[in-house]
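**Q** Have a look at this one.
The values are calculated or read from the model by the stated rules, or taken from the named source; none is laboratory data. Fair warning: this is a prediction, and the values are worked out from it, not measured in the lab. Don't worry about glycine lacking a Cβ; one is built from the backbone with ideal geometry, like all the others, and counts go over all protein chains shown.
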Amino acid sequence: MADAAHRTPGLTAHPCPLCGAAGCRTALSLPEARLASSDASRALEIAVCGSCGFVFQQGALDPGYAAFMRHAYESWDDQPLFAFPRKSEDNLAAAAMIARHSRPDASVLEIGSNRGDVLALVKELLPQASVLGVDPAAHSGLAVPTLRAFFAPELFASSFDTVILKQVLEHYADPRPMLAGARQVLKDGGTLYLDVPNLARILEGRTDAFLLEHAAYYTLSTLQGVLAGYEILEAQEAGSLRVAARKLPGPDGFALPAGGEIAAAEAVSGLARLVRGRERGQRILAAHAQARGRVVFFGAYNCFRALYRELSRLLDDCPRAVLDDALEAEREPVFGLERIAVPQAGDLVLLCSNNACVLGRMEARLRALGAGSGFAVLRPWSTILRADGTTSDLGA
């Protein structure tokens, strides 16, 4: 990375990886962000391109980032928190869209397949389909045929009717090499399924979705821009953006989306509110911990792990626990937090998800359990619902 002393304050060292425009600006900076999978830390700087509105992690374009993340992906050995296949609302919606736009007997490849949950759900919907995953993680005993490797087109001697990139593209600050590789193994006229976090919902809800693992953030317009070589068959906007697209003849490429300057201004404004919310929310959390109040983490998966590693320095030696309907063990498996079924009076419950729709369901569940009449709820980083029922906007 260029020496900060030789940089204009606020300007990034890198041009926009999509449109190549210079003068991108840093809008969020976390000096010691943590991985979900380990205590390894690295500076996280989120930049906004003023020309096309693309939001990306500028440090992910530095040479050391790939090596830093490679070890994290290779060593990832997910604890069996969920029954296989995991029939979450998100996975079911993805499988349904994939099946709608795939041949009944399709050959299906998922890049970054993890345990293979989505492939298993697709197979249930398309029994005649053949499915294959490729993923570098250290899983064992998988129920879906999986090649343990980082994806490369040359690994495959034949092409596929359907290629899936679910929660993968956001791990690349420059998505073009991955998209080019996926296009290479996709048959002409075949279906590409893309699923990425929805930047519009992230900024609207000030969701804690800016992680070291995530190098790029998409609106529907920027996602359509990177799919210039495809015909969009279906698009859904929820906590995630889901797109099914047909491969067209000719080369791929990037089409500059309309309204890039407006999108950039909205992103900068949204990130500024997130920064204010982060600072205020962490002060509330620290004050609760100093008063020896119990902190309950609602959700026991990746977002929880990243938040816990980052926020544990604020918790001192206060009591803490975890709440998760899908967790059957008596303790959460990574940090050993006790599992509880219902918060108690005086607790502060921190919602742990980077999906805005899931956060909404979490908040509704806690309100049904009595939130605001005995225990407080902190939604990172937008609101605090206090035990007395009053609500404050953290980013105001």
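**Q** Pick out the one residue from Pro319, Pro333, Pro343, Pro380 that is loosely packed, with under 15 Cβ neighbours inside 10 Å and at pLDDT 95 or above.
**A** It is Pro319.
**Q** Okay, moving on. Kindly indicate which of Val131, Val122, Val118 is among the β-branched types (Val, Ile, Thr), in the same structural domain as Val196 (by TED's automatic domain parsing) and more than 29 Å from Ala356 (Cα to Cα).
**A** Unique residue meeting the criteria: Val131.
**Q** Under 9 Å between Cβ atoms, which residue pairs at least 6 apart in sequence (or on different chains) link something in region 32-46 that is at negative phi with a partner that is of a type in the set (Phe, Trp, Tyr) and part of a strand (DSSP E or B)?
**A** Cβ pairs passing all conditions: Ile46/Phe56; Ile46/Tyr217.
**Q** Which of the strands (runs of 3 or more DSSP E) found entirely inside region 77-176 contain at least 2 residues meeting this: at pLDDT 95 or above, more than 18 Å from the chain's Cα centre (by Cα) and under 29 Å from Gly53 (Cα atoms)?
**A** By residue number, no strands (runs of 3 or more DSSP E) qualify.
**Q** Among residues belonging to region 181-203 that are in a helix (DSSP H, G or I) and not β-branched (Val, Ile, Thr), point out the one that is farthest from Val134 (Cα to Cα). Let's see the steps before the verdict.
**A** If we filter region 181-203 for residues that are in a helix (DSSP H, G or I), which is where we start, we get 181-184, 199-203.
With the extra rule that they be not β-branched (Val, Ile, Thr), the set shrinks to 181-184, 199-201, 203.
On the way: Gly181: 13, Ala182: 12, Arg183: 15, Gln184: 15, Leu199: 26, Ala200: 30, Arg201: 29, Leu203: 32 Å.
Among those residues, the one meeting the criterion is Leu203.
**Q** Determine, yes or no, whether Gly270 is touching a helix residue (DSSP H, G or I) at 6+ places or on another chain (Cβ under 7 Å) and either assigned to a helix (DSSP H, G or I) or surrounded by fewer than 23 Cβ atoms within 10 Å (Cβ to Cβ) (or both).
**A** So Gly270 fits the description; yes.
**Q** Here is a further query. Taking Asp316 as meeting all but one of (1) assigned to a loop (DSSP other than H, G, I, E, B); (2) touching a strand residue (DSSP E or B) at 6+ places or on another chain (Cβ under 8 Å); (3) of a type in the set (D, E, K, R), write down the number of the exception.
**A** (2)
**Q** Moving on. Which is basic (Lys, Arg), touching a Leu at 6+ places or on another chain (Cβ under 8 Å) and more than 16 Å from Pro380 (Cα to Cα), of Arg294, Arg276, Arg313?
**A** Exactly one residue qualifies, and that residue is Arg294.
**Q** Hey, another quick one. Looking only at region 177-213, filter to residues that are in contact with a Pro (Cβ under 7 Å, 6 or more places away or on another chain) and of a type outside the set (Asp, Glu); which one of those is modelled with the lowest pLDDT? Steps first, answer last, please.
**A** Taking region 177-213 first, the residues in contact with a Pro (Cβ under 7 Å, 6 or more places away or on another chain) are 181, 184-185, 188, 208-209.
Now drop any that are not of a type outside the set (Asp, Glu), which leaves 181, 184-185, 209.
Numbers: Gly181: 97, Gln184: 97, Val185: 98, Ala209: 92.
Residue satisfying both the conditions and the ranking: Ala209.
**Q** Something else now. Could you list, in sequence order, all residues of region 334-359 that are free of Cβ contacts under 8 Å to residues at least 24 places away in the same chain and of a type in the set (Asp, Glu)?
**A** Glu338 - this is the single residue of region 334-359 that is free of Cβ contacts under 8 Å to residues at least 24 places away in the same chain and of a type in the set (Asp, Glu).
**Q** Looking only at region 17-68, count how many residues are in contact with a strand residue (DSSP E or B) (Cβ under 9 Å, 6 or more places away or on another chain) and outside any loop (DSSP other than H, G, I, E, B).
**A** 27
**Q** Now for a separate question. From the list Thr222, Thr207, exactly one residue is polar (S, T, N, Q) and assigned to a loop (DSSP other than H, G, I, E, B). Which is it?
**A** None of the others qualify; the one that does is Thr207.
**Q** For region 263-292, which positions are among the β-branched types (Val, Ile, Thr) and over 24 Å from the mean Cα position of the chain (by Cα)?
**A** Residue satisfying the conditions is Ile284 alone.
**Q** Any idea how many residues of region 346-368 are surrounded by 17 or more Cβ atoms within 10 Å (Cβ to Cβ), of a type in the set (D, E, K, R) and farther than 14 Å from Val295 by Cβ?
**A** Residues flagged as surrounded by 17 or more Cβ atoms within 10 Å (Cβ to Cβ), of a type in the set (D, E, K, R) and farther than 14 Å from Val295 by Cβ within region 346-368 amount to 1.
**Q** If you don't mind, another one. Looking at region 107-148, which of its residues are buried (at least 22 other Cβ atoms within 10 Å of the Cβ) and closer than 16 Å to Ala244 by Cα?
**A** Val108, Leu109, Glu110, Val118, Leu119, Val122
**Q** Right, next: Do we have any residue at all in region 305-314 that's without any contact (Cβ under 8 Å) to a residue 12 or more places away in the chain and either surrounded by fewer than 21 Cβ atoms within 10 Å (Cβ to Cβ) or among the polar types (S, T, N, Q) (or both)?
**A** yes
**Q** With the condition kept exactly as written, say whether any residue in region 275-285 is out of contact with any Lys or Arg (no Cβ under 9 Å at 6 or more places or on another chain), part of a helix (DSSP H, G or I) and either of a type in the set (Asp, Glu) or buried (at least 21 other Cβ atoms within 10 Å of the Cβ) (or both).
**A** Yes, that holds for at least one residue.
**Q** Just checking, which of Ala345, Ala356, Ala341 is closer than 29 Å to Glu213 by Cα and either hydrophobic (A, V, I, L, M, F, W, C) or within 26 Å of the chain's Cα centre (by Cα) (or both)?
**A** One residue alone meets the criteria, Ala356.
**Q** For Ala182, indicate whether it is crowded, with 24+ Cβ neighbours inside 10 Å and more than 19 Å from the chain's Cα centre (by Cα).
**A** yes
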